[in-house]
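Remarks on the structure that follows.
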Amino acid sequence: MNDGPERDRDPATHDESDAPRASSRPPLGELLSGRNQVLFAGALFALTCVSTTWVGSWNDGSWLTGLAFSVPLMAILLAHELGHYVAARIHRVPASLPLFIPMPISQIGTMGALILMGERIASRNALLDIGAAGPLAGMAVALPVLIYGIADSPVADMPVGPYMQEGHSLLYMALLRAIKGPFAEGQDILLTPTAFAGWVGLLVTMINLIPTLQLDGGHVAYALFGERYHRMSRLLRRAMLPLALLIAALYGLPALQSGKRGEAFFGELQPAIFWLEWWVLLSLFARGGGEHEHPRTDPGPLSPRRRWLARGTLLLFVLLFMPAWMRIVVP
């Protein structure tokens, strides 16, 4: 996921007293280049590798198990961000190196990564290329990782104790059926750390492809639909709240009827909480943008081949969509 363009300050608002303060801050060009950026990006990458490896070792305490999760996951995330970075460079849009965000208290050990771009993406073609390159590059790594992981994962009886149930998208269900066939009643796949990393790759790609604001899906949708995108983005963003309430009802009411309370009940509500969190987060981001959900590009059409690329990228979001990302099931 890449950050939106930085807003320039209006020179007309500057006076002579502003000069010393303005000059004390490095210009954006210096922040997006040089040795300091390489060291900073490298340190964040190393910390995120440690964080994801540590989280991956939670089950049995083995660093080898942690690496079996961390290495493929970091490869997926790195491919995603490098897709954005290379596309930005091709279109001569200044961009920072990928900046990873370690999060050792989360279930996957990271909040992903981002790149910073120093100016507005003026061309619809460039916007489409930069927005789509990340998800497509990430999927190019995530799919073989997941296919290998599913093939290596056993199918067994459902656990008798608490377990994490991963979300199912159309693409994920198709891969499960193609590789493992239909499961017997009371059985499910027990994902290996590598398979789980591949599944996380699908989840991260799905989140980034939500077509709203300046997420990757927002870039793609704006490049395809132009000014019509603003209304579509608002509707999709606002739909997250009723979606969260619907999912809470679908999982929460049966849990209450079966007698689940406390931690067991909260685990069933986790999918709704994820959507609620994103609704709040995206609503806060939207407050700074006024009536425009995405910065405008210069006038000009999207090339015919890129129109097909945009449609295919948005179709990928449909194939990856998971109403319930993950939940803790207490039998």
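Taking residues in the stretch 222-245 that are over 17 Å from Trp279 (Cα atoms), and partners anywhere that are among the basic types (Lys, Arg), the pairs with Cβ atoms closer than 6 Å and at least 6 places apart or on different chains are Ala223/Arg124. One residue stands out in the stretch 257-290 among those that are under 24 Å from Leu209 (Cβ atoms) and in contact with a strand residue (DSSP E or B) (Cβ under 6 Å, 6 or more places away or on another chain): the one that is surrounded by the most Cβ atoms within 10 Å (Cβ to Cβ), namely Pro271.
Taken over the stretch 91-102, the criterion of being surrounded by fewer than 16 Cβ atoms within 10 Å (Cβ to Cβ) and either outside any loop (DSSP other than H, G, I, E, B) or in contact with a Lys or Arg (Cβ under 8 Å, 6 or more places away or on another chain) (or both) is satisfied by Ile101 alone. If I filter the stretch 214-227 for residues that are touching a helix residue (DSSP H, G or I) at 6+ places or on another chain (Cβ under 7 Å), buried (at least 21 other Cβ atoms within 10 Å of the Cβ) and not in a helix (DSSP H, G or I), do I get at least one hit? Within the stretch 214-227, one or more residues are touching a helix residue (DSSP H, G or I) at 6+ places or on another chain (Cβ under 7 Å), buried (at least 21 other Cβ atoms within 10 Å of the Cβ) and not in a helix (DSSP H, G or I).
Considering Ala197, Ala184, Ala178, Ala156, the condition of being of a type outside the set (S, T, N, Q) and within 25 Å of the chain's Cα centre (by Cα) is satisfied by Ala197 alone.
Looking across the stretch 309-324, the residues that are out of contact with any Leu (no Cβ under 6 Å at 6 or more places or on another chain) and either in contact (Cβ under 8 Å) with a residue 40 or more places away in the chain or surrounded by 12 or more Cβ atoms within 10 Å (Cβ to Cβ) (or both) come down to Leu309, Arg311, Gly312, Thr313, Leu314, Leu316, Val318, Phe321, Met322, Pro323, Ala324. Scanning the stretch 103-151 for residues that are in a loop (DSSP other than H, G, I, E, B), surrounded by 24 or more Cβ atoms within 10 Å (Cβ to Cβ) and β-branched (Val, Ile, Thr) returns a single hit, Ile121.
Hey, among the residues in the stretch 168-204 that are in contact with a helix residue (DSSP H, G or I) (Cβ under 7 Å, 6 or more places away or on another chain) and of a type in the set (Gly, Ala, Ser), which one's surrounded by the fewest Cβ atoms within 10 Å (Cβ to Cβ)? So, considering only residues that are in contact with a helix residue (DSSP H, G or I) (Cβ under 7 Å, 6 or more places away or on another chain) and of a type in the set (Gly, Ala, Ser), the one surrounded by the fewest Cβ atoms within 10 Å (Cβ to Cβ) is Ser169.
Can you report the number of residues in the stretch 52-90 which are assigned to a loop (DSSP other than H, G, I, E, B) and either basic (Lys, Arg) or surrounded by 16 or more Cβ atoms within 10 Å (Cβ to Cβ) (or both)? Don't jump to the end; show me each part of the working.
Pass one, the stretch 52-90, residues assigned to a loop (DSSP other than H, G, I, E, B): 57-62.
Still in the running and either basic (Lys, Arg) or surrounded by 16 or more Cβ atoms within 10 Å (Cβ to Cβ) (or both): 57.
Of the residues in that region, 1 qualify.
Bear in mind that the values in this text are calculations on the coordinates, not laboratory data. Here the structure is a predicted model, which is why all the values come from computation and not from measurement. Note: ideal-geometry Cβ built from the backbone for every residue, glycine included; neighbour counts use all protein chains shown.
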